[in-house]
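Step one of this worksheet: look at the structure below.
Laboratory data are not the source of any read-out in this text; all were calculated from the coordinates shown. These numbers come from a predicted model, not from an experiment. Cβ: placed from backbone, ideal geometry, glycine included. Neighbour counts: every protein chain shown.
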Amino acid sequence: MAIDPGPYDIEEVRFILGPDGTGTAKSVGPRFYEELDEEFAHFRGHCLIMRYTFAEAWPTWEVHPAGDELVYLIEGDTDFVLRIGGEDRRVRVDRPGSYVVVPRGTWHTAQPHARTTMLFVTPGEGTLNAAEPPA
């Protein structure tokens with residue numbers, strides 16, 4: 001069945017792009033991420049497309065082992081902190097329309113300088129979160 005063309009509010013309904021290019025609109029609920037794993041075969045080959053607004057430093061780091069993540073700045077100013085070769089590399093993203101690529105398998109977090117809204121295209125299979133990246 002073809003997806004309903006919408007419109008949707010990306011804060012309430014996220015977009016999942018399947019490995020065959022098929023899209024699915026999915027409402028956000030308290031078990032959203034668990035449901036992604038259950039409904040989409042552990043998210044194998046899928047990408048989650050979502051908008052996220054934040055004004056505080058992320059409380060955790062995350063890593064996406066299944067592919068590169070694209071993070072597009074809609075508004076705001078933030079540092080993306082990438083743990084590469086055991087060292088932190090800061091990438092300032094402060095011009096709307098600019099983006100950062102988080103390479104596959106790279107632990108990362110964000111530390112905003114102002115309230116920031118970004119669009120994320122995330123290969124979600126195997127995503128991990130941690131207070132600090134493993135040594």
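Count, please, the residues in segment 81-135 that happen to be touching a Ser or Thr at 6+ places or on another chain (Cβ under 9 Å), closer than 26 Å to Phe40 by Cβ, free of Cβ contacts under 8 Å to residues at least 60 places away in the same chain and not β-branched (Val, Ile, Thr).
Total meeting the criteria: 1.
Which of the residues spanning segment 74-89 are farther than 16 Å from Thr109 by Cβ and of a type outside the set (D, E, K, R)?
Here is the first cut: in segment 74-89, the ones farther than 16 Å from Thr109 by Cβ are 74-75, 85.
If the condition is that a residue be farther than 16 Å from Thr109 by Cβ and of a type outside the set (D, E, K, R), then Ile74, Gly85 are the ones that fit.
Glu12: in contact (Cβ under 8 Å) with a residue 24 or more places away in the chain and closer than 20 Å to Leu119 by Cβ, yes or no? Talk me through it step by step, then tell me what you get.
Working: in contact (Cβ under 8 Å) with a residue 24 or more places away in the chain: no; closer than 20 Å to Leu119 by Cβ: yes.
No, not satisfied.
When Arg104 is evaluated against the numbered criteria (1) within 27 Å of Ala2 (Cα to Cα); (2) within 14 Å of the chain's Cα centre (by Cα), which criterion, by number, is the only one it fails?
(1)
So Phe54 clears everything in (1) in contact with a Ser or Thr (Cβ under 7 Å, 6 or more places away or on another chain); (2) more than 12 Å from Gly124 (Cα to Cα); (3) free of Cβ contacts under 8 Å to residues at least 60 places away in the same chain except one condition, right? Which one?
(3)
Yes or no, residue by residue, for (1) buried (at least 17 other Cβ atoms within 10 Å of the Cβ); (2) under 21 Å from Tyr8 (Cα atoms); (3) touching a Leu at 6+ places or on another chain (Cβ under 8 Å):
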{"position": "Glu35", "(1), (2), (3)": "no, yes, no"}
{"position": "Glu38", "(1), (2), (3)": "no, no, no"}
{"position": "Arg51", "(1), (2), (3)": "no, yes, yes"}
{"position": "Pro59", "(1), (2), (3)": "no, no, no"}
{"position": "Gly67", "(1), (2), (3)": "yes, no, no"}
{"position": "Ile74", "(1), (2), (3)": "no, yes, yes"}
{"position": "Asp79", "(1), (2), (3)": "yes, no, no"}
{"position": "Gly86", "(1), (2), (3)": "no, no, no"}
{"position": "Pro96", "(1), (2), (3)": "no, no, yes"}
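Name the residues in segment 122-135 that are of a type in the set (A, V, I, L, M, F, W, C) and part of a strand (DSSP E or B), would you? Even if it seems obvious, please write down each step before you answer.
Here is the first cut: in segment 122-135, the ones of a type in the set (A, V, I, L, M, F, W, C) are 128, 130-131, 135.
Correct list: Leu128, Ala130.
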